Each structure stands twice: as C-alpha cells, then as structure tokens.
1. Identify the GluC sites (Glu not before Pro) of the range 589-655 meeting these criteria: DSSP loop state and at most 11 other C-beta atoms within 10 Å of the C-beta.
2. Of the heavy-atom accessible surface of the range 250-356 (probe 1.4 angstrom), what whole percent is carbon and sulfur?
3. Pick out, in residue order, every one of the trypsin sites (Lys or Arg not before Pro) in the range 371-431 that is DSSP loop and has at most 14 other C-beta atoms within 10 Å; say none if there are none.
4. Can you work out the Karplus-derived ³J(HN,Hα) for every residue in the range 407-423? Use 6.51 cos²θ - 1.76 cosθ + 1.60 with θ = phi - 60°, whole Hz, and x for glycine or proline.
5. How do E414, E762 rank by accessible surface area computed with a 1.4 Å probe, from largest to smallest?
6. Probe of 1.4 angstrom, ligands and nucleic acids ignored: what's the accessible area per residue over the range 367-501, in square angstrom?
7. Quick check: residue separation of E372 and E597 times 0.36 nm, minus the Cα distance between them. What number comes out in nm?
8. Between A544 and I512, take the C-beta separation as r, use R0 = 22 Å, and let me know the FRET efficiency to the nearest 0.05.
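The values are calculated or read from the model by the stated rules, or taken from the named source; none is laboratory data. Every value quoted in this text rests on a predicted model; they were computed, and no experiment measured them. Positions of Cβ are backbone-derived with ideal geometry, glycine not excepted, and every protein chain shown enters the neighbour counts. Heavy atoms of the whole protein, side chains included, go into the accessibility calculation; ligands, DNA and RNA do not. Shrake-Rupley method; radii C 1.70, N 1.55, O 1.52, S 1.80 Å.
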Amino acid sequence: MARRTRMCLTFPGIVVVCLLLLVGLVETANEVDPYNILGVTKSASQTEIKKVYKRLARKWHPDKNKNEGAEDMFIKITKSYEILSNEERRANYDRYGQTDDTQPYGHGHYGHGHDQFYFDESFFHFPFSSKGSQEFADSKYALHFNQYVNDVVPDSFKRPYLIKITSDWCFSCIHIEPVWKEVVLELEALGVGIGVVDVGYERRLANHLGAHRTPSILGVINGKVTFFHYAVVKEHLRQFVEDLLPQRLVEKVTDRNDLQFLNSWHEQNKPHVLLFDQVPVVPLLYKLTAFAYKAYVQFGYVDQGLSDTANLLKQFNINTYAPTMLVFKESVDKPADIIQAKGMKKQVIDEFILNNKFLLVPRLVNQKLFDELCPVKQFHRRRKYCVLLITGDEESYTIGNQAFLSFAYTNTQEVVRFAYVYQRLQQPLCDTLLKTKDSTQPPQVLILERRNAAGKVLYKEVAGGWNGTDKNKQRLLDELQRLQKDPSILNQDAMLPELNNEFASMFLIRWIYTAYDYLTEIIDDVLHNNWREMMPLLSLIFSALFILFGTVVVQAFSDSSEDGKSKPKAKDGATAENGSPGSSSTSSRPPKKNFVEVTELTDITYTSNLVKLRPGHMNVVLVLTDASKNVLLSKFAKEVYSFTGSLTLHFSFLNLDKHSAWMETLLEFAQDAMQIDTDEDDGARHKIDYTGYILALNGHKKYLCLFRPVYTGEEGPGGATGGGRRSGSREDHPPRRSMPRSRSTATLQIHHKLDRLGLWMERLMEGTLPRYYIPAWPGLLPNILTCGQNFCEV
C-alpha cells in the first residue's frame, strides 16, 4: 500500500513537470516569434520589414540604450530581421516554425552557414557589455586626421597599417566585427598597425583616404593607400597585409647562394640575418620584421625541409626542432650573434635586431647613419666618441682597412664607435676635417665628438697616419686611454657639411618606380571599378586631351593660307559706268579702321614685309613714281579699303624712281612662267612703264600675282568700250603688245589705271588668280646711275 501511494504521488509530480516544460516551450516559441518581435504581420512586405527593423535597431542598439535587456533585445531584433528578410528562411519558418536550418533560435552556438559572402564567424558574436569586448573597443584604435598625417603616414614606412572605416548606424559593420576582432588580435601581435575611422566624426579623414562607403577596409604602407576588395575572412585579410609588403624583402638562401648572400655585407654596408625554419614559406612575422629594419639589415630565409640546405644546417649546427636566427657582420664564417626559441615573439626578434643593426665598423654612407652611429652629446655622462678612418676603396688600402677592423674587434669601451669613409665619395667631409684637398695623402684616423646637430664637432687627428702597423695601433690605443681621463685632448673644432647619400638612386630610376606605382594603382582601380577614386585622374586626362584637340583645331583654322580662305559673298548689281567696283566690293570681314595703312617697301622694311612674312599672309604692293604717288595712293586706298578687314593682307607701295631695277629683276625671275610685256615698234625696243602695277606677294611660298592697268577711256585700237565687260587684268588673255609710251600717256589718265583693282582683289581673295613662282626674292637695292659720254641710264 505504501509502495502504491508513493507511485501515485510520483505520477502527479511527473505530470506537473511535463506541464511546466510545455508551458516553457510555448513561452519560448512566443518569445522567438520574429513577427511578434518586429511587430509586423505575416503579410508584411520586405519594405515594411526593413523600415520597422531600422526603427527598432536604433531604439535598442546597446550603444544608445543602456537598459539591462537592451543587448538581448537587439540580438533578437537582428536575428528576426535576418530570418524575415530572406525569403527562403521566412518560408521555412512559416511552414515548420523553425528559425534555423538545424536548431531552434536562441540556443547553442551558431555555425558558419551564412548567405552573405563576407561572413566567417557567427552573426551574433556582438562586442557588447562583456569585459573582453570592452577591452576591444574601437575607441582604442580611433584615428583623427592630424594623428593620421603626423603619426600613421610616417610610421607606415616601417610597418603596414590596417584601417577599418565604420559609422554608428552601419549594420553591415556588425557583420564583420567578429572577423575584424580576431584578425586585429593576431596581426597587432605581429607588428601591424591598426586604425578605425568613424565617418560620423572624421569625415575629413575618410574623404582624404578615399573611403566613400561603410564598412571599408584599407591598408596603408609607405604612405600609399590600398583598398581591400575581397570577402572579409581571416585568411583574406592576412594575405592582404602580406601583399602590401614589397616583394623581395627576404631572400631565399640555399647551399648554392649562401656565400653570395653573406659576402654582400661590404657592398650593402649592412649586417645579414638568416632565419632557419621548417615551413616552406617565409613567416609573416619575419617579413614584417624585414620591412621594419630594411634600412639596416639584409634578411634571408633558409627552408630546413629542402635538401639544398643540408650543408648550411650542418655548417652552423642548426637545431631543426626550433626556429633559429643568426646574424652575420664582417665575418661570413662565424655568426656574430644567435637566437633560438620555439614560438619566437616579435619583442624577442626586435631586441635581437636592435642589438645587431650595425656592422662592427660600418662605412658612413649618409647623414642618417652618421647621426645614429655618432649621436650628438647630450649629457656629460653620456659622451660618445667616434673613431673615424679616412681611407680609399682601392686595393692598396686593403691592408690598412683590415687592420682597422681587427683593432675594432679588440675594443671593449661602449662609448667608442668605429667607422670609416671613402675620401673619394665623401670629399667635402674629408676636406673639412683634414683641412686639405689633397686626395693622395695616406689614410688618417681621427677621434671626434659631435657637439650639436648643426654639425659642430671636436676632434683630434692621430699622429702618424694609418698604415695598419702595430705602431699605429699602439698610438691609437694610447690616445683612447688619454681620452677617458682628459676629454680636452680634442683640441680642434669644425663645422661638418652634410654627408652625401651614396645609395641615393638616380632621378630616372626614382621616376620609373613612381610611374610603376601609379600605373599599378590605376589598374587596381579599373579592375575593381573604383570610379569615384579615379575621377580626378580621368578628369585630368580628358582635360589634357581637350586642350590638345582644341589647340590643333585652332591652329588649323588660324594657320590657313589663301587657299583656305572662305569665299567672299557674291556681288549684287553691275559695276558703275566708269568701271569702278568700289561701291560693291566687300570682304569677308568688315574693316576695323577708317583708313588704309600703306607702308613703303624699302631696304629696311623689305625683310619683315616680304622675305619673312608669316605663312598664309600676302603683301599687296602698288608700283608708283614720285610724280604719280599722291594720285595713285589715294585711288589705291579707295579700292582696297573694303579688304582691310582681312588679317592676312598687308599693303605697301614701291617707288620706281628708287627701285626700278628690283621690279625688272623680279619679272625676269618669273619670265619662265609668264610673258613679259615689251614695247616693240618696227623692231625698236621701248621700255615698259610699270606705274600702276599691283603685285600680290606671298613671301613664304615665293609666288606673286600681277595686276596690270588696262585701257579704260574711249575705245582704242583693239580695245572695247569702258562700259563693256572686261577683265580686271590680262593674265587670262593672250598677251598683246602695249601701246607706245607716247600713246599710253595720251590715252590713259593716271587715276584710271586702278579702276578695275576691286575686281582683281576679289579674285585674289578667291584664289583664282594665276600664280607665278620664283626661285628666290631678289635683294632690294637702290638704283645705280651709270653715265656715258652723251647719256645716263639706270
């Protein structure tokens, strides 16, 4: 009976427990219902869901809402939006009531199955409220504009920086936060600089970096910004940082090239470090170290797993169970220092390199090395002295240089540094210290102490020079011992010039490297369609092309000849009864002045107005005499006035009384191309009257167009009436003999000789006049009067 009673009591307890569990499940189901959490119906559209999600996310974001349950509520809101914003997961929930493909929402650790390509960790590892998360706050790495310019950019020449661009209301930034946190913890320990830029507070810095969207991740090295364009996963970010580093920081060393690598210490003036490890690729930590100390040390890597490195392992007795680092200085057979440890840390490597960053006796190759080897005196107890050997790089100096090195090996004083310079490469420094410009003198040793950064030093020259003998070594040792007791033995002072940079690359090489980096950046922008960042470059290119194209077009139109001139407008109406076209003659451009500027063609103006006339320009020359000068110039001005608007026409006159010989010589040059008029009557030869002739001269192409006066009075022999239709010149008619001079004077009045000049000028502008080419322009010389017994002639 008792047993039965206990069973009855037990059964109701089980029922109660089951009921409590069922109620809990129902409450949990109601709690995780995404529709209830967001407060939307099952028929809500994606636009409505997104709008409600943004409003609730702003309200419950842990950075804005400090209530105790804000973080949990924000997680539920975000998870609900993730379910409902995906049509497949939303349909799965509507059918089966499941919020995840494998387990109910709200329990356990979430896997890696995410639709977004950039997820590698669970969506819901939020950095809120926990102690560890507070230590990882972005404020620790927050960057400001001045901090970036003054600190990050200079430091990027020693280590790369990984920078995240984010903002307060960037929900996509939350997605990448778990990956970012893990990557930062790993890379920061290796020596990578970390930065975070909040666009809401540092818009200026974001624009300076070229970041126009959030989230963005970029790298900075050597002052150059490179954007990350791939999926935000740990492996990609690590590879991105590794790709930022220069390619040949670390040289692979085997049994075949070990001597070549170690013996280059003299040429490069650097210690050489070898890392022995079993991994086939160079560790990122070692690459970052090589980048940080590239100015001081040359790095090599030995893969212990290769058969080609067996001799090296045996020669230096390397333990293959732990990474080993050796540093070599002037001796290639024995390392100067060694370190071996499992899981080698950055701090240990940095300390090892800093203690061995200089050769025992380095060569002063630039001012920076001189400042570090021989620092300026700051306190009395921290005096540091430099023993400087001034020598040469020829073979004859080898014995003395080796003796100086062996003496430095025996030195035990920490306040004394040894160095040497080649006099040929640092001539200004040597001239100042030796107070002579004789480069043939034997090597000298000096002990010096720098007093200020401006270049002032106190020094003493060790007597007897330096040949490497035991006597030289003893004399130098005595001076160093005296210096410890009495620093005043440095009784000479000087102001040293800045040292030449012996390793400075040529300008052309630096330009090539700069151009290569610029082209690489352009290609990277093109491949990833980063058009916003390329707009300044594209604007510059198109502006240059537009200016170039515009210049060519303007030059093509402005540098035109008479062949490219636009034809004048057709003339309306007939000419006047006297044949003068002055009232109807027009030009392509209206006259700019109310007068015609006509210059005299003399031996002074001849070169500028004809011989060196600009291409496409012509000089219209009126031929006259002293007697006809006033009448012809007045008529000439009236006829050509309407053509003075042309920029390519110039007007001049030639006085036959002074230069008739030039006129005859010019026509003789062109007589192969034209018929020269001669007056012949019954075999008698008469001289031609050139008064009233017009010459259109193209100085550049060396040709002329000729206007000759025609009979314009009453009809004469072989002529037409003045009102008849006649050509303005006779170039297109068969040549006829001119009238005798007496008849010409009687029938042609001077002011009628230029009546048809207007028509001729129009044909000149049209380019339809015959052209007579000459080989060269004759010289313009004054007439020479030759007199005989009964006559004189020009």
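1. When the GluC sites (Glu not before Pro) of the range 589-655 are filtered for loop state and at most 11 Cβ neighbours within 10 Å, E597 remain.
2. 50 percent
3. On the way: sites: K377, R381, R382, R383, K384, R417, R424; in loops: K377, R383, K384, R424.
Here the trypsin sites (Lys or Arg not before Pro) that fit, given the DSSP loop and packing criteria, are R383, R424.
4. 5, 5, 4, 7, 6, 10, 8, 6, 8, 10, 10, 10, 7, 9, 9, 8, 4
5. Details: E414 170, E762 20 Å².
Accessible-area ranking of E414, E762, largest first: E414, E762.
6. Roughly 54 Å² per residue, with all protein chains present.
7. Length gained between E372 and E597: 73.2 nm.
8. The value I calculate is 0.55.
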